[in-house]
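The block underneath contains the structure these notes are about, expressed in structure tokens.
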Amino acid sequence: MSVPVLFFASYADLFGSRRLMVPLEPPCTIAEIVQALRLFPGGERLPGRPLVAVNQVWMLDQQAVVQPDDEVAIIPPVAGG
Amino acid sequence: MTRLPLFRRSPVADFAVEPRVARRVDLVHKQIDIVDLFQSVVSPAAGAVSLFIGTVRDVNDGRAVSGIDYEAYHSMAQAELERIVEEVETGTEGLSIAVVHRLGTLAVGEISVAIAAAHPHRAAAVKASQLVIEQLKQRVPIWKQEHYIDGDRKWIDPTSPLR
């Protein structure tokens, strides 16, 4: 089992990918996903608490639990407008 | 001529096929038509329409900019913009708001975002358009990569202490 994670903009550049499969068994926490991502090439440059969205909604609680089929995205600082 | 989804015409009938409140937010890869945006909010009840238009500037942090690439987490950007419009409209009765954000590669001077807010009175219209752009800049997952005339490119991080 693994959790698909989406990346955009500078984080897609960081990981060299827009989607990675993180080897974790859901349900798992956002903190666990971020921790696992740090082991990927480029992941060491993620900030301490990156912004995360689950199912297109901001998820500020790092202990929030991700379920199977949830859409998880790690989001760089936004710069629209 | 560009049409917002709100005013998109049926191929078989000359009337709006979607209810007015169904879609007030759009992310587009083509030029933003501010007249269409204005028309999507104006009504006989409106005494004022405030238009905010964001454009690509030729200099940022002292570097000469030749253009900007905009990228979005499309589904969430759409949803978050809809939530912002909903929140601002709920906060003040009588508001009608529409937002369009451009994506892709833009040249200096092109419109990157446009917001229209209609209200019976000007103060509420102006305040609403300002609220929407401030919230958009804080909450909507859209990013820009600036291109500089020396060929360099950089993702913009508004939270960076270096800025």
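Where a number appears in this text, it was derived from the coordinates with a stated rule and is not lab data. Just so you know, these numbers come straight off a predicted model, no measurement behind them. Cβ placement follows ideal geometry from the backbone for every residue including glycine, while neighbour counts extend to all protein chains displayed.
List of remarks:
- Over the C-alpha trace of the stretch B:24-155, radius of gyration and Dmax come out as 15.4, 50 angstrom.
- Globularity index of the protein assembly as shown, i.e. its alpha-carbon radius of gyration over 2.2 N^0.38 Å: 1.11
- The orientation-averaged shadow of the Cα convex hull for chain A, equal to a quarter of the hull surface, comes to 5.0 nm².
- Projected area, mean over directions - the stretch B:70-119, Cα convex hull, nm²: 3.9 nm²
- Length-normalised contact order of the stretch A:2-58 in % [C-alpha pairs under 8 Å, at least 6 apart]: 29 percent
- Calculated Rg and Dmax of the stretch B:84-163 using C-alpha coordinates, Å: 15.6, 49
- For A:Glu25 and A:Asn55, a Förster radius of 22 Å and the Cβ-Cβ distance give a FRET efficiency of 0.70, rounded to the nearest 0.05.
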